[in-house]
Amino acid sequence: MKVFHQLGHNRKWAIDSYFENAVGDGFIFGAYNCTETDFVDKVAGKAKDDYLGVSMIDLQYYGSKRSDGGKLDTYEFHPTHMPQDGSTSVDGIGLIQKGVKFQRKLGLKSIIVPTMHYEACDLKKCNRLLSTINKEIPLKRGDEEKVYMTLCIPKDGIISREYVEELMVAATDMSIKFDGYYIACEPVVEYKKKVSIDYKYYENLLYVFQTLKGQGFETIYAYANWDALLFSALCDIDYITIGTYENLRNFSCDRFTETLPGGPSKGWYFSERLLNFVRAQELDILRHADCLEVIANSRNIFSDTILDKQYSWNTHKPDVHKNYLLAISRLLKNLAKEREATVRTKKLIGLVEGAREAYKTLESKHKVYLQEESSNYHLGAWLTFLKRHQVE
Amino acid sequence: MAIVHDMSQDLKEKLKIAAVHESFEGGQKYVFIATRNGVKVAVKVLRGVSPERDAREIEFYKKYQNHAGIPKIIEVVPHDDELVIIEEYIDGENLAKCCGDYKSQDRKIGKLIVDICAIMTPFWEAGIVHRDLKPDNIIVSKDGAPTVIDFGIHKDPENTTITGTDQQPHTVRFCAPEQLIPNKTSISYRTDFFCLALIAYFLKYGVCPFGNTRDEITAAYVAGALKFKSDKNCALKQFLTNTFHVDVAQRPRNASRFLSGVPT
């Protein structure tokens, strides 16, 4: 399993963490944040020969409708230039071919075939497009190139087993010649929560990964949040993405912006021990109760820096995000060391139980009760999901 | 050789039939094995029960007349209100009748499944689904080579359908979940895969894996996770496990994957 940085706003931090701290195995650039010409020169101070060999590009064709302010329209072939009247299918194929050609011209070894997203879960239309793209995209150039088709799964779709099954039937048809799929799925997240606790979401997304892998396709889990741990324990996903801001970890089918809702934030601390983010303000309580060690990440220089008493918290500081990138990539890689899903699952169950214990310790021993997103709202759902899938 | 029905004298004269050796009755037709112009042929007298189905089958055989492993039509002759098809005689036995020869013969069953797949793969690749693969619709020659017959209810993406969305033609004991609990959009080559796995199981054990009645089989399919009995040394087990899924997407996605667990 490889960990790839899903790049967006402030991509330099992720690129630095790769080159300076050995975090991750490569990059997925997003068209919203990169112009067509960015790739001919240095990115974040790195020459293209240094990063293009380990890069992919998500041209984000699905993000053509409400992605104001981005750079999508700097690509002359991007569907954002097309009238949004739904009459895209014929011209759309041409744009998709141009998108593939663009990536090949850059010399990328892994091609992400972009696709449009249709409103209202119009799966039949999506599947027809999938089939047409499969027929029309020129064959790959030699064995070195891998071609991944984008599967854009909306929130209403992922919670419907019928939708997912129909999508999987189309995606695994005998005619399909893609090497794999780039899966961008909208999470089902409740208000004031960062990860889903929706069981259907977990079941169905796991079904997507397991079905595709079972049928011999490679899988890239795009815009993955840290609940990717669950899927990577239960299924051999080939690529898992890690991202900095929330919008790089929570995908939306029809818009792609960097605007963080909910006003200014001081930021969040990701704790490997809690398997959760803790709001910066609540770190002060933990510090006051002298129990930071319960949640602190070990062997993580960014964690050491930001947990320092003198650290001036700001969500737009690199250390805050690099702490997450290092911590989550370690968690993912440690799981992936185990070849057998049963062993990985057992290992993750141990981590989740450990996190529940850490929350208990904070409450019983230190009288600290973390709230809302910082609380252990998700761990019960995770444990249920893992244990129900655990094969003894 | 039993003769269940007589061929009418005027039909014999019209077709220049020298002798009728055998006859039997199907749901939609009478079949006579006869000698015509010194050659053994199969004469099928369609009873007009389903003219649309008959027309589809004739059209299919004509379209694929050079395809190996399916019947070859020699001539189609209208006779009174009926349609008569003269087909090449297939020298073999219906699998339903010779299924005992396959009992516990895993490799022999595997070889048969591989051979049927070789016949069907070009059709599957063209989007055509047989939809009624069962022992009755497979003729096995003396050397073990199969011929797949009765494409009357096949699904062809180029033709309009003869079935509604709420019904799928099937034979209860040899049908896939999406046929028994009708789901027209799920009918595909993977429906035929499921049916072939049912045939393989039936040949191996002499019984169907999920019951014999509509109620029994429906209950198994509705329950979801399909469980079937097998013996410890069953060489077909992996093949059956790979294929017996209610969810179509879980079944092998192409013939080579489908056959990967077949002992040969």
Which is aliphatic (A, V, I, L, M), touching a residue at least 40 places away in the same chain (Cβ under 8 Å), farther than 30 Å from residue B:232 by Cβ and in contact with an Asp or Glu (Cβ under 7 Å, 6 or more places away or on another chain), of B:153, B:119, B:90, B:181? B:153
I'm told residue A:220 meets every condition in (1) under 30 Å from residue A:265 (Cβ atoms); (2) outside any strand (DSSP E or B) except one. Can you identify the failing condition by its number? (2)
Sort out which residues of the stretch B:96-118 are in contact with a Lys or Arg (Cβ under 9 Å, 6 or more places away or on another chain), surrounded by fewer than 17 Cβ atoms within 10 Å (Cβ to Cβ) and either assigned to a helix (DSSP H, G or I) or not charged (D, E, K, R) (or both), and write them in order of number. B:96, B:101, B:104, B:105
Selected residue (only one of A:30, A:70 is buried (at least 20 other Cβ atoms within 10 Å of the Cβ) and farther than 30 Å from residue A:235 by Cβ): A:70
Looking for something surrounded by fewer than 20 Cβ atoms within 10 Å (Cβ to Cβ) and either of a type in the set (Asp, Glu) or in a loop (DSSP other than H, G, I, E, B) (or both) - is there at least one such residue anywhere in the stretch A:224-234? no
Expected output for the stretch A:317-332 (first residue outside the structural domain of residue A:296 (by TED's automatic domain parsing), partner at pLDDT below 95, Cβ below 6 Å, 6+ apart or cross-chain) is none
State the number of residues belonging to the stretch B:206-256 that are in a helix (DSSP H, G or I), within 16 Å of residue B:113 (Cα to Cα), touching a residue at least 12 places away in the same chain (Cβ under 8 Å) and within 14 Å of chain A (Cβ to nearest Cβ). 5
Only one residue in A:192, A:213, A:266 is at positive phi and basic (Lys, Arg). Which one? A:192
Test result for residue A:361, β-branched (Val, Ile, Thr) and either at pLDDT below 95 or farther than 20 Å from residue A:292 by Cβ (or both): no
By residue number, the members of the stretch A:191-221 that are under 17 Å from the mean Cα position of the chain (by Cα), under 30 Å from residue B:256 (Cα atoms) and touching a residue at least 60 places away in the same chain (Cβ under 8 Å) are A:206, A:218, A:220
Going through the stretch A:316-352 one residue at a time, which ones are β-branched (Val, Ile, Thr) and at pLDDT below 95? A:320
Counting only residues that are of a type in the set (A, V, I, L, M) and either surrounded by fewer than 13 Cβ atoms within 10 Å (Cβ to Cβ) or at pLDDT 95 or above (or both), the stretch B:44-69 contains a total of 2
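Scan the stretch A:170-193 residue by residue and report those that are under 17 Å from residue A:211 (Cβ atoms) and assigned to a loop (DSSP other than H, G, I, E, B).
Scanning the stretch A:170-193 gives A:172, A:173, A:174, A:175, A:176, A:178, A:179.
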Quick test of your reading of the structure: residue B:193 fulfils all but one of (1) within 14 Å of chain A (Cβ to nearest Cβ); (2) part of a helix (DSSP H, G or I); (3) out of contact with any Ser or Thr (no Cβ under 6 Å at 6 or more places or on another chain). Name the failing condition by number. (3)
Provide a single number: the residues in the stretch A:148-175 that are β-branched (Val, Ile, Thr) and more than 9 Å from chain B (Cβ to nearest Cβ). 4
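The values are calculated or read from the model by the stated rules, or taken from the named source; none is laboratory data. Quick caveat, the model's predicted, so the values are computed rather than measured. All Cβ positions, glycine included, derive from the backbone under ideal geometry; neighbour counts span all protein chains shown.
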